[in-house]
Amino acid sequence: MTFWIVALVLVLIIALGMIAPLLRRLPVDAETEQASEDITIYRQQLSEIDRDLARGTLLPEEAERARTEISRRILTADGTRRGPTGTAPRAASIAIAAVTAVVLFGGTAALYMVLGQPGRADLPFENRLSDAEETRATLPAQASLEADTPAFTAPADAPANYAALQQSLREAAEANPTSIENWQILALFNYRLGDYAGAVSALQQIIAVKGETAETDDRLALIEAMVSAANGRISAEARDLIADTLARDPAAPGAVFYQGLVDADVGRPDLTFAAWRDYIENSPQSSMFTTQMHDQLTLIAELAGIRYTPPALLNATAEQIMAMSPAEQRVAIQNMVDQLGQRLADTGGSAGEWAQMVRALRTLGEHQRAALIVAEARTTFAADPEALALVEEAGTAPVTPLP
């Protein structure tokens, strides 16, 4: 009801502003009033001329000259009385005002019936908050979302024997279910192939094998695969995994990013904005996740009813990284690994970039991931021995690990 009252008042104000000038009588100034009196006198003079002509006291030529002069004076006075633009008849003004009111009120109502939601009740802020939390608590299951997603079809550039390779990798992983490397190879193959549901299954096995030793990157990889398998939607399982990852590692940009997606998805862009702004302003180093937060933050701010322009992200140079503390170096190198890993996943990359990725991972102490990339390079660069040698050398050359 409040909406209708406000809308009616606004339309009424607009209508009055449009109709009032049509109904307002123009003021009559002294000059106009004098011209009206003059016209009355001139008409009386015309009558007197006719009477004098009938009595014979005025010659016809003189009567004609007098009529002509008086008629000229009447025209002049009438022009003064009407003004430079004239005035519309009163009845016409009233008719136009009525049509304007009908069109304005009727058109507004008709437009709202088409574009609005007449049957929707008022939604106070407290109700919106409770609805958002109810949506959060009742997100659909991962299996349900995957069932609604179109079935997997291999891309046009997939290897001709991709099905055989996929089956071979799956059998190798299932034959030795405690081998994390086999599951990682299968997960990476499925993800790059676009079989996200298959990648989810393999990544779940990795976390199951690792148990409490599973790292943040393991959980983030599973979250990414789950969201991709659900065609960009957040499931109840992904929601819980995101919350668990954030609780374990509150500083992880990936966990902050995905928690923001959950909040925005359930109708709380204000929470997303607060978390992403805080992270961007306090950790402006460019990375895969901070870049995504940065690029979407202006839109999220608008959804939250806030005008905001995020600060520019920083890309640390090699000299700057060397001057950082060990903890800062780890963050900067991890950011570089995130960006490089995303680029390699999207475009394949050169052998030099693969070697750079391997060295960075070994510097971070992630030797298992580095070995996995070297193993994949043996397949990717099988036809290019020099490129393969460059990647394998990066996997064996001495590096200085970060503490």
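Tabulated results
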quantity	calculated
Every residue from region 180-213 that is over 23 Å from residue 143 (Cα atoms) and in contact with a helix residue (DSSP H, G or I) (Cβ under 7 Å, 6 or more places away or on another chain)	180, 181, 182, 185, 210
Top-ranked residue of region 348-380 - restricted to ones that are among the polar types (S, T, N, Q) and either in contact with a Pro (Cβ under 7 Å, 6 or more places away or on another chain) or surrounded by fewer than 16 Cβ atoms within 10 Å (Cβ to Cβ) (or both), ranked as farthest from residue 288 (Cα to Cα)	379
Pair list, Cβ under 8 Å, 6 or more apart: region 56-77 residue of a type in the set (Lys, Arg), other residue part of a helix (DSSP H, G or I)	67/46; 67/49; 73/38; 73/42
Single residue of 332, 345 found to be modelled with pLDDT under 80, buried (at least 18 other Cβ atoms within 10 Å of the Cβ) and out of contact with any Ser or Thr (no Cβ under 7 Å at 6 or more places or on another chain)	332
Residue within region 266-277 that is touching a strand residue (DSSP E or B) at 6+ places or on another chain (Cβ under 6 Å), surrounded by fewer than 22 Cβ atoms within 10 Å (Cβ to Cβ), touching a residue at least 24 places away in the same chain (Cβ under 8 Å) and farther than 21 Å from residue 233 by Cβ present	no
Residue that is at pLDDT below 80 and in a helix (DSSP H, G or I), where the choices are 32, 40	32
Filter pass, residue 179 being at pLDDT below 95, of a type in the set (S, T, N, Q) and outside the structural domain of residue 264 (by TED's automatic domain parsing)	no
Search result, residues across region 354-386 that are touching a Lys or Arg at 6+ places or on another chain (Cβ under 7 Å) and assigned to a helix (DSSP H, G or I)	361, 370
Residues within region 131-148 that are over 16 Å from residue 232 (Cβ atoms) and either basic (Lys, Arg) or not in a loop (DSSP other than H, G, I, E, B) (or both), tallied	8
Among (1) over 21 Å from residue 375 (Cα atoms); (2) among the basic types (Lys, Arg); (3) surrounded by 13 or more Cβ atoms within 10 Å (Cβ to Cβ), the one test that residue 170 misses	(1)
Unmet requirement for residue 119, which otherwise passes all of (1) at pLDDT 80 or above; (2) not in a helix (DSSP H, G or I)	(1)
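The values are calculated or read from the model by the stated rules, or taken from the named source; none is laboratory data. Everything numeric in this text was worked out from a predicted model, so none of it was measured. Ideal geometry is used to build each Cβ from the backbone, glycine not excepted, and the neighbour counts take in all protein chains shown.
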